[in-house]
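What follows is calculated from the coordinates using simple rules that are stated; it is not laboratory data. This structure is a prediction, so every number in the text was calculated from the model and none was measured. Every residue, glycine as well, gets a Cβ built from its backbone with ideal geometry; the counts of neighbours run over all protein chains shown.
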Amino acid sequence: MKFNKISNTDLNVSEICLGTMTWGSMQNTEQDGFEQMDYAFSKGINFFDTAELYSIPPTKETCGETNRIIGRWLKKTKKRDQIIIADKVVGRSGMNWIRPGEQETRLNKKQINSAIENSLRNLQIDHIDIYQLHWPDRPLNVFSGLEYEHTETKDVVPILETMEAMASLIKAGKIKYYGLSNETAWGTSQYIKLAEKHNIPKPITIQNPYSLLNRSYEVGLSEISIREKIGLLAYSPLGGGHLTGKYLGGKKPAGSREVLWGNRFDRYRTLNTEPAVKAYCEVAKKHNIDPAQMAIQFCIIQKFVTSTIIGATSMDQLKKNIDSIDLSLTNDVIKDINNVQLKYSNPCP
């Protein structure tokens, strides 16, 4: 396993980060989560990503269960000092059951302070290494589509208030650093500008989708990542599992998200999803490599990527995904990948 130092921090994170969102849901039990953490750690992974609302799909009954599973594993194994924990605080939403007494989740100081206490309690730890803003407070289409649809409203928590709340948590020792997630180039630039103007900490990472099916991060945000040293934590590198090829031809494998979660991930069901995935699988076949490992390794090698977040619902999937770290992509493979991108540009943004 290789490691990357997150700029302006003392954190060295594995190039592969273990995603955890299915633990405690209909897909994975606590025992599954323990087995995955044991194996990932044995392979050198020191970076786990979670969120206060996990497991997914979010429900009142399972909210926080993933964190509780991680907390019990940390207590059992006594490996807290060897694991970097990235958690996320829910952005603006109508999920009024996440924080009792609140009609909707917001990124104001009061709610952030409430959320961090819940996460620390569930995780059974005294601080979180990277506390991420799961998505912005302002109205924004963050989970599908490239188009920006402006909504004029004064009902927005100022970014500066959110930043000051994070700075307060850092000062109190409850978090070491904070990061962004599902953020735009404009939003990221505001955090940078306000940090400089008010002499408060700026975000150290940004967790956004990035895969062969969605390379939109390369337009604008990649340059910000490199120049401002805010590395990408790439999530969904397999495009919701599509880049494995398992859904080709309309297949619906038993126990898969497409079967269990219904229409939750429509972003991966567009006109060009099938032909693009088929083309990428043909590239993998041509070069005698696994399509899933090719897709993950493509994310890992990008200069703006700090760590690539993988998730799995079975140990076979997890082992294959982690083994992608040993794959080398030749110039010919990269050329063929880019040719597919030219033909089917970002089919699943």
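Using a Cα-Cα cut-off of under 18 Å, which aspartates and glutamates could be cross-linked to K76, ignoring same-chain neighbours fewer than 8 residues away?
Output for K76: E30, D32, E35, D38, E65, D126.
Taking θ as phi - 60°, what are the ³J(HN,Hα) couplings along region 238-252 by the Karplus curve (6.51, -1.76, 1.60), each to the nearest whole Hz, with x for Gly and Pro?
9, x, x, x, 5, 6, 6, x, 6, 9, 4, x, x, 5, 10
Of K110/K197; K78/K171; K88/K109; K5/K174, which pairs sit farther than 18 Å apart, going by alpha carbon to alpha carbon?
Pairs exceeding the cut-off: K110/K197; K78/K171; K5/K174.
How much length is gained if the chain between T330 and E196 is pulled fully straight, taking 0.36 nm per residue apart and subtracting their Cα-Cα distance, in nm to one decimal? Intermediate results must be reported in sequence, preceding the final value.
On the way: separation 134, 0.36 × 134 = 48.24 nm, distance 4.07 nm.
Extending this stretch completely gives an extra 44.2 nm.
In whole Hz, with x marking every Gly and Pro, tabulate ³J(HN,Hα) for region 198-205 from phi via Karplus 6.51 cos²θ - 1.76 cosθ + 1.60, θ = phi - 60°.
Computed from phi, the couplings for region 198-205 are 9, 6, 10, x, 9, x, 9, 9 Hz.
For the ranges 208-218, 137-147, what's the packing order if you count other beta-carbon atoms within 10 Å of each residue, average per peptide, and put the highest first?
Highest mean packing first, the order is 208-218, 137-147.
May I ask for the angle, rounded to the nearest 10°, between helix 30-42 and the longest principal axis of the chain, with both axes built from Cα atoms and the value confined to 0 to 90°?
80
By how many nm would the segment from W186 to V259 lengthen if fully extended, with 0.36 nm per residue of separation less the alpha-carbon distance?
22.7 nm
Rounded, prolate or oblate: which fits region 98-216 when a ≥ b ≥ c are the square roots of the eigenvalues of the alpha-carbon gyration tensor, with rounded for a/c under 1.5 and prolate only if a/b beats b/c?
Working: a/c = 1.42, a/b = 1.40, b/c = 1.02.
In terms of gyration-tensor shape, rounded.
Can you give me the long-range amide H partners of G239? Hydrogens built in the peptide plane at 1.01 Å from N, cutoff under 5 Å, separation of 5 or more residues or another chain.
Those qualifying (amide H under 5 Å, at least 5 residues apart or on another chain) number zero.
Given axes a ≥ b ≥ c from the Cα gyration tensor, I'd like to know whether region 217-349 is rounded (a/c under 1.5), prolate (a/b larger than b/c) or oblate.
rounded
Please give every one of the aspartates and glutamates within straight-line cross-link reach of K60, meaning a C-alpha to C-alpha distance under 12 Å, and leave out same-chain neighbours fewer than 8 residues apart.
Cross-link targets: E52.
Using the Cα gyration tensor of region 7-100, with a ≥ b ≥ c the square roots of its eigenvalues, what is the shape: rounded (a/c below 1.5), prolate (a/b larger than b/c) or oblate (neither)?
oblate
Which of the aspartates and glutamates could a cross-linker bridge to K285, judged by Cα under 19 Å and excluding same-chain residues fewer than eight apart?
Excluding near neighbours in sequence, the set is E274, D323, D326, D332, D336.
Taking the simple approach of a point 7 Å from Cα along Cα-to-Cβ for both N339 and N272, what is their distance in nm?
A separation of 1.7 nm, rounded to one decimal place.
How large is the helix-only mean residue ellipticity at 222 nm for the chain, computed as the sum of -39500 (n - 2.57) over DSSP H runs with n ≥ 4, divided by its residue count, in deg cm²/dmol to the nearest 500?
-11000 deg cm²/dmol
Build a GNM of the chain with springs between Cα atoms under 10 Å: which of V156, V13, V277 gets the top mean-square fluctuation?
Result: V156 has the largest fluctuation of those listed.
Pairs K229/K319; K79/K303; K2/K320; K2/K193; K43/K251: which exceed 23 Å Cα-Cα? Please report the intermediate quantities before stating the final value.
Details: K229/K319 31 Å; K79/K303 30 Å; K2/K320 17 Å; K2/K193 32 Å; K43/K251 32 Å.
Long pairs (Cα-Cα over 23 Å): K229/K319; K79/K303; K2/K193; K43/K251.
Between region 241-317 and region 60-86, how far is it from one alpha carbon centroid to the other, in angstrom?
27
Mind listing which chymotrypsin sites (Phe, Trp or Tyr not before Pro) in region 28-130 are in a DSSP loop and have 16 or fewer other Cβ atoms within 10 Å?
Answer in residue order: W97.
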